[in-house]
Amino acid sequence: MALYSLLIGFFGILCAGFLTAFLVKKSTDIFYILIFALAIRILSVIIHTYFYPLPIGVHDAVRFEKAAWDLSRLADGTILGFVELYIDILNQETPEGYLILRDLSWTYVPLLSFFYIVLDRSPLLLNSFSISIGMLTVYLSWLITLKVWESRVAARKCAFLMAFFPPLIMYSSVILREIFIILFLQLFVLYFIKWRHEEKKSGLFFSFFSALPHLILHHPMFLVLMFSYIWPVLSFTKNLIKNIFIGRVKTIVVFILLLLITSILLIEYYKGAMHFVTTLPIPYVGELRYFGLGNIVAYTQHTNYGNASYPSFIVLRTTSDLITLLPARVLYFMYSPFVWDVKSISHVVGVIDSLLYFYLTFLFFSNYKYIKKNKKLKVIILIFIVGVIIYSFGVGNFANAMRHRVKLLTLLVIIVAPFLFAKKNKSNN
């Protein structure tokens with residue numbers, strides 16, 4: 001069984017190798033970056049699986065793997081049993097499934113269990129899937145930077161940092177969701193740029209569908225990405241109203257608008273529909289009808305735990321603290337732990353991690369006059385700012401801050417890519 005598990009696991013590594021070979025053909029500029037990135041990720045996965053667990057792979061990653069195996073056994077090891085089990089879980093008819101999942105992801109973990117049902121248990125297999133996703137994130141960072149800055153030098157710098165930043169290597173070696181979240185975030189940005197700046201209508205469709213997986217992976221990121229549509233929607237609405245008044249709108253557009261207004265009025269009239277909407281759960285803070293700023297305050301207090309918890313002076317007490325403590329929460333989310341927060345050796349790792357974010361932030365402000373001229377960066381900067389604000393209130397300790405800010409790292413690296421490792425503050429062409 002151990003040999004079989006090993007062979008299955010190496011199948012996942014082989015898939016990552018074939019994917020890398022394909023990516024190399026599409027991006028010869030970063031041939032060596034991709035090859036070495038693959039090698040270090042394979043080594044990292046093997047060490048983590050068989051010799052010494054990585055720091056990020058000793059808690060949730062272990063629970064995810066065990067839960068996936070337990071669910072596969074509960075499904076009797078058959079695909080039909082898996083489908084029936086999943087339906088029962090969604091219908092709240094399987095107490096055993098609830099007991100296994102508990103506070104874990106109710107969608108991501110069952111998907112992991114599917115591979116155990118088809119191929120049997122192999123932690124190496126699940127871990128090696130992350131290698132392929134990690135390689136895609138390196139490639140996409142190169143591709144997006146090339147589109148945004150039109151500079152191969154800048155694109156290579158971005159790919160290099162994404163390939164060899166230690167936390168990203170680790171998240172590409174375990175079964176946690178972070179590397180998947182980064183992938184779909186990058187895909188969203190890529191297709192959004194194609195839609196808004198390359199005028200490809202399919203980009204709108206694919207950008208939205210790139211955001212949908214976050215409803216499975218991590219709900220707050222879906223909310224963050226939806227903010228990207230604010231400007232286009234406002235612009236469309238403004239032009240629509242203008243054209244209505246000057247008579248340039250086609251009859252079908254007016255019909256659609258009237259249909260939308262009628263639908264809204266009907267929903268308002270039928271209280272049953274409104275009840276359904278108001279009882280929709282908002283992740284982490286409860287049902288929509290009970291939502292208030294106090295829910296956010298309560299949640300931030302709940303996240304303040306452990307020996308890596310934020311200091312008490314930035315813990316929210318009242319709703320007004322959402323404004324007054326925002327700068328402090330952002331600083332702690334992006335750059336903690338600070339030297340005065342260090343209480344153990346493990347916190348030193350966090351200090352080293354934060355140095356990169358200090359460096360990238362410095363590059364942003366010192367080169368802002370160049371950055372603001374690039375219109376393609378507007379949506380990336382918007383996503384980054386909204387993401388930082390939302391996640392700043394979603395975490396309350398250094399360890400979680402490190403884990404969540406890495407989701408947004410690719411955006412910040414793309415924004416400052418031309419200025420990375422540069423002696424002078426000017427764009428490299």
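The values are calculated or read from the model by the stated rules, or taken from the named source; none is laboratory data. Just so we're clear, the structure is a prediction, and the values are computed from it rather than from any experiment. As a convention, Cβ positions derive from the backbone with ideal geometry for all residues, glycine included, and neighbour counts pool all protein chains shown.
Couple of notes before you dig in:
- Hey, THR303 over 24 Å from SER228 (Cα atoms), of a type in the set (Val, Ile, Thr), in contact with a strand residue (DSSP E or B) (Cβ under 8 Å, 6 or more places away or on another chain) and modelled with pLDDT under 95 or not: yes
- Residue, farthest from VAL386 (Cα to Cα), within segment 295-349, restricted to residues that are of a type in the set (Gly, Ala, Ser) and buried (at least 18 other Cβ atoms within 10 Å of the Cβ): ALA308
- Every pair of residues 6+ apart whose Cβ atoms lie under 7 Å, when the first sits in segment 360-380 and is at pLDDT 95 or above while the second is exposed (fewer than 13 other Cβ atoms within 10 Å of the Cβ): SER366/ASN425; ASN367/ASN425
- The test for being touching a residue at least 24 places away in the same chain (Cβ under 8 Å), part of a helix (DSSP H, G or I) and small (Gly, Ala, Ser) holds for GLY387.
- Filter result (modelled with pLDDT of 90 or more and out of contact with any helix residue (DSSP H, G or I) (no Cβ under 8 Å at 6 or more places or on another chain)) within segment 206-228: PHE208, PHE209
- Selection within segment 14-40 - within 17 Å of ASN127 (Cβ to Cβ), under 23 Å from the mean Cα position of the chain (by Cα) and aliphatic (A, V, I, L, M): ALA16, LEU19, ALA37, LEU38, ILE40
- Within segment 166-189, residues that are over 15 Å from GLY57 (Cβ atoms) sit with their Cβ atoms under 9 Å from residues that are among the basic types (Lys, Arg), at 6+ positions apart or across chains, in these pairs: ILE181/LYS407; ILE182/LYS407; LEU185/LYS407.
- When residues of segment 53-80 are limited to those that are over 16 Å from LEU126 (Cβ atoms) and touching a Ser or Thr at 6+ places or on another chain (Cβ under 9 Å), the one modelled with the highest pLDDT: PRO55
- Qualifying residue in segment 90-105 (condition: within 30 Å of LEU6 (Cβ to Cβ) and at pLDDT 80 or above): no
- Of residues in segment 26-49 being of a type in the set (S, T, N, Q) and touching a residue at least 60 places away in the same chain (Cβ under 8 Å), the one nearest to SER130 (Cα to Cα): SER44
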